[in-house]
Amino acid sequence: MCLDRDPQTGTRTGMRTGRRTGRRTMPEARHQPPSRRRYAATHPTIGVHCDRETYDALMALRERSGLSFGQLVRQALGALEMDIETVEDVATVVGYEQAAAQYRLRAPCSICGKPMDILAGSGMAAEAIRALRTWGHVPCIRGGASRS
C-alpha cells in the first residue's frame, strides 16, 4: 500500500490506495439515513472492556434477569445514586454533629436547666459575651495581671 500524494503540493494525502490498482483500499463511509444519525446523536454508545470473569458474570445476570445491558446499567445507576444520596445525607449530619460538638457553646438554662446552644453571631452569643466580660484566665486572676 502507498499513500496518495497531492499533485499540486506533493504532500501525502493520507488516502491509502492499492499498490497495483491505484484504487482506495478503505471503503467509503456508508450512507446513514437522517433518522439513524439523529438517534446516534441522542443515544451515544459506551464501550467497556472487562476481564473474562466480569463478562461471564454480566452475561449470566443478563440471562437470569431477562434485562438488556442498558437496563442493567440504568438500574445499577439508580441504586448507586440512591446510595450516594444516603451517604451524603449521613455525612452531612455526622459532620454537623462533629463541628457542633467542637465549636458550639452549650450552657444550662437558669430557669429550666435544659441545655441551650449558643451559636456564634446570635443574640444569645452577644448576651453571653456581655456576661463573660468580668471573667479572665485563671493565671491572670491568680497573678493579678492588669490590662495593658
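Data table
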| item | result |
| --- | --- |
| Residue match in the range 78-89 (condition: surrounded by 10 or more Cβ atoms within 10 Å (Cβ to Cβ) and outside any helix (DSSP H, G or I)) | no |
| Residue count, the range 129-143 (criterion: in contact with a helix residue (DSSP H, G or I) (Cβ under 9 Å, 6 or more places away or on another chain) and polar (S, T, N, Q)) | 0 |
| Criterion violated by Arg16 - all others in (1) basic (Lys, Arg); (2) in a strand (DSSP E or B); (3) at pLDDT 65 or above satisfied | (3) |
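Residues are listed down the side, and each one gets a yes or a no for (1) over 18 Å from Arg74 (Cα atoms); (2) at pLDDT 85 or above; (3) among the acidic types (Asp, Glu); (4) surrounded by 10 or more Cβ atoms within 10 Å (Cβ to Cβ):
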| site | (1), (2), (3), (4) |
| --- | --- |
| Gln8 | yes, no, no, no |
| Gly47 | no, yes, no, no |
| Cys50 | yes, yes, no, yes |
| Glu63 | no, yes, yes, no |
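The values are calculated or read from the model by the stated rules, or taken from the named source; none is laboratory data. The model shown is predicted, which means the values in this text are computed figures rather than measured ones. Quick reminder, even Gly has a Cβ in these numbers, built from the backbone with ideal geometry, and neighbours come from all protein chains shown.
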